Amino acid sequence: MNKKQVVSAVISMSLDGYIAGENVGADEPLGVGGLSLHEWMVDGSAETDKVFAESGASLDAVVCGRLTYDLSIPWWKENGPTGEARIPVIVISDEEPDNILPCAVYTFVKDEDAAFETAKKVAQGKDISVMGGAKTIQKFLNKNYIDEIQIQLIPIILGGGKRLFDNMNKQMKLKPFKTLSSENAIHLGFSVE
């Protein structure tokens, strides 16, 4: 039996609902205090290893918005967010940047519909991760493209910044399917009904 392709929104979020702190920019790519949202990724715990193993096992495409790309490219470089795995990244952008790295994993498309279709073709039945930013995840949720929401809930209150669910145009019923605690996060999984 073939496994159904799953499109997941995957993101770290503070307890007060922020995915980035205030004043996001080149000097502070995750805003003031936002870097703390990703400290869980390097805590070395067995729970964190499990989260990475589960999420990467059948992943074959990543989608992000242009701001996420622009702010992350200094770290991702040509390999993208998955490093040596080199999983293709579909970037939603009005235009391609002038400085695309040679042999990079990035494909640029105009909108969320094109990103969704391109990611499905690239993934060839395997899973797709929509990693942000907030606007990209909101657009995918509003179009009913998301099957699951996976949130790494970080025990911090940022007090301001970019919220994940500010621009939703409808209510959505979710069904919890995963709760896992690690040293620096609670990993939550919800199916979109």
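On the stretch given as segment 26-45, residues that are in contact (Cβ under 8 Å) with a residue 40 or more places away in the chain and more than 22 Å from ILE157 (Cβ to Cβ) total 2. Against the test of being over 16 Å from the mean Cα position of the chain (by Cα) and open to solvent by less than 40 Å² (accessible area, probe 1.4 Å), the options GLY160, GLY83, GLY132, GLY189 yield a single qualifying residue, GLY160.
Scanning for something part of a loop (DSSP other than H, G, I, E, B) and either without any contact (Cβ under 8 Å) to a residue 12 or more places away in the chain or of a type in the set (Lys, Arg) (or both), does segment 105-125 turn up at least one residue? Yes, that holds for at least one residue. Among residues of segment 21-66 being of a type in the set (S, T, N, Q) and assigned to a helix (DSSP H, G or I), the one that is most open to solvent (accessible area, probe 1.4 Å) is SER55.
Candidates ILE146, ILE186, ILE156: the one that is within 25 Å of VAL91 (Cβ to Cβ), at pLDDT 95 or above and among the β-branched types (Val, Ile, Thr) is ILE146. Those residues that are basic (Lys, Arg) and surrounded by 15 or more Cβ atoms within 10 Å (Cβ to Cβ), I need them from segment 163-184; list them, please. Scanning segment 163-184 gives a single hit, ARG163.
The values are calculated or read from the model by the stated rules, or taken from the named source; none is laboratory data. All values derive from a computational prediction rather than experimental measurement. Reconstructed Cβ throughout: ideal geometry from the backbone, glycine too, with neighbour counts over all protein chains shown. Side chains included, ligands, DNA and RNA excluded: accessible areas come from the protein's heavy atoms. Shrake-Rupley method; radii C 1.70, N 1.55, O 1.52, S 1.80 Å.
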